[in-house]
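Input: a single structure, listed below in structure tokens.
The values are calculated or read from the model by the stated rules, or taken from the named source; none is laboratory data. Predicted model only: the values in this text are computed from it and were never measured. All Cβ positions, even for glycine, are placed from backbone atoms using ideal geometry, and neighbour counts span all protein chains on display.
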Amino acid sequence: MDNPSYKEIEKKNTPHWKVKVHEIIFEADTKWGKFFDVVLLWAILLSVIAVMLETVESIQVNYGEALFVIEWFFTILFSIEYILRIASVGKPFKYIFSFMGLVDLLSLIPTYLSLIVVGSHYLLVIRTIRLLRIFRILKLTRYVTEANKLKNALKASAVKIVVFIGGVIVLVLILGSVMYIVEGPKNGFTSIPTSMYWTIVTITTVGYGDIAPLTILGQSIASIIMLIGYGIIAVPTGIVTAQMALERNKIKEITTQSCPECSKEGHDLNAKYCKFCSAELNPHHNK
């Protein structure tokens, strides 16, 4: 008989409670995992609603103490959940410094910080980001796959978008300087930075109206800037759309499976090992 591999030995030596806790907390493909995530989402939603209601003066006066207790109840609950998440993964720091790991941590800090800094607990609305887990709960792997395509498309388009924004900044600088020369301080264009601000507001078609050109030449230039603005809006959209078309044929469908070691998701269907850390995945997930 062949000797067992290191991964097999490592998995056998993993405490049963740790495997079970990871399955419940991180997996949405099991009965208890889905139940846990549904309860968690409701808890997140209710805690955010409690924070929002606390900002209403009439509710704060009549139910302030009850909302305070509710806030601490959910914070303690989420603190226990956060500790269990760290304890159930093979590589805790991988989870701690992951996107959702940082969100989970930041959703706890405001309440504890409020003991020192008054009003900081209102930052608890960051917990709404945790509602992104609804995609896993509903097993909307198609949406997860599409989100992955969008993420990759944005990442691949980053350089082009940076170059585009750089070009827009140069254009704003030039046009802002021209408007400063044409209109001058007497018409509200008191400096080049102020003129650049007006150019940005105009070129993005926002148009606050706090500053407006009064000369015929200035109004003519403003009209050109407005038309340029409509053209500029379409450029980044076209860049991302083109990249999305390329990504459509590159990305395979993925699952909501979470790695028991590094807690990363986004694995291909029927994958047996994590593509990020090579750890063996839980075989008891939906195909």
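Numbers at a glance
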| item | result |
| --- | --- |
| Tally of residues being surrounded by 18 or more Cβ atoms within 10 Å (Cβ to Cβ) and either assigned to a helix (DSSP H, G or I) or small (Gly, Ala, Ser) (or both) across segment 29-52 | 9 |
| Count of residues meeting criterion [in contact (Cβ under 8 Å) with a residue 12 or more places away in the chain and of a type outside the set (A, V, I, L, M, F, W, C)] in segment 154-192 | 8 |
| Identity of the residue in segment 8-19, among the charged types (D, E, K, R) and surrounded by 13 or more Cβ atoms within 10 Å (Cβ to Cβ), that ends up modelled with the lowest pLDDT | Glu10 |
| Any chance Thr256 is part of a helix (DSSP H, G or I), hydroxyl-bearing (Ser, Thr, Tyr) and modelled with pLDDT under 85 | no |
